[in-house]
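Some notes on the structure that comes next.
The values are calculated or read from the model by the stated rules, or taken from the named source; none is laboratory data. As the structure is a computational prediction, the values presented were derived from the model and not from experiment. In this analysis, Cβ positions are derived from the backbone assuming ideal geometry, glycine residues included, and neighbour counts consider all displayed protein chains. Only protein heavy atoms, including side chains, enter the accessible area calculation; ligands, DNA and RNA are left aside. Shrake-Rupley method; radii C 1.70, N 1.55, O 1.52, S 1.80 Å.
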Amino acid sequence: NFARFRYFMKSFDLREFQEVINRVNPIFKKLENTHFENIDLTDKTVVINIKFIYNQLKKIAEQTGASKIMALKNSKLFVMWDTEIRKIYKIDNRGEADDYIQFLIKMQKCFEKLIPEGMQGQFQFGERGEFHGPGGCKSRKECEAYCTANPEACGFGGGAGGGDFPTD
């Protein structure tokens, strides 16, 4: 919230912030081509790296600020959270690094549910986060058109001109 941010900024140490950014940048660099959709959040090295970044940033920007800075540095990997989001998911508002990892895992599961049944693994994300679907489609509209015309290629039974592409 704006008022909290305004009061927080009065005591914000810009030099300390720069030091923290310098410490975490090498870890961000390691993760720069990693995407939320396919990161293995059970991999101990990945978890250690994310927790290191989070804990370093949390010291200077608190739990919400840490996630927001992380998302700004790598929007393809990190999901922001705030007090209201933590309440919804029944996460203690202290928001420790382990809580953030569990939150990312929950968000991954939610994301997986958005992928139509039978189409898992058919969507890919390039190094810059660009989307590639079946038949080279690059948007939901393109994928719907392709899968309607080529249902077998998309894992649907449908017949010619048919297709079972899920709709909202």
**Request:** Report the residue count in the range 74-90 for those that are open to solvent by less than 30 Å² (accessible area, probe 1.4 Å) and farther than 22 Å from K44 by Cα.
**Result:** 2
**Asked** Can you name the number of the only condition in (1) of a type in the set (K, R); (2) assigned to a helix (DSSP H, G or I); (3) in contact (Cβ under 8 Å) with a residue 40 or more places away in the chain that K76 fails?
**Response** (2)
**Message:** Take the conditions crowded, with 18+ Cβ neighbours inside 10 Å and not hydroxyl-bearing (S, T, Y) and apply them to A71. Does it pass?
**Reply:** no
**Verdict on A97 being farther than 17 Å from T34 by Cβ, open to solvent by less than 90 Å² (accessible area, probe 1.4 Å) and modelled with pLDDT of 70 or more** = yes
**Request:** Would you check if there is a residue in the range 139-150 being at pLDDT 80 or above, under 20 Å from H35 (Cα atoms) and either buried (at least 16 other Cβ atoms within 10 Å of the Cβ) or β-branched (V, I, T) (or both)?
**Result:** no
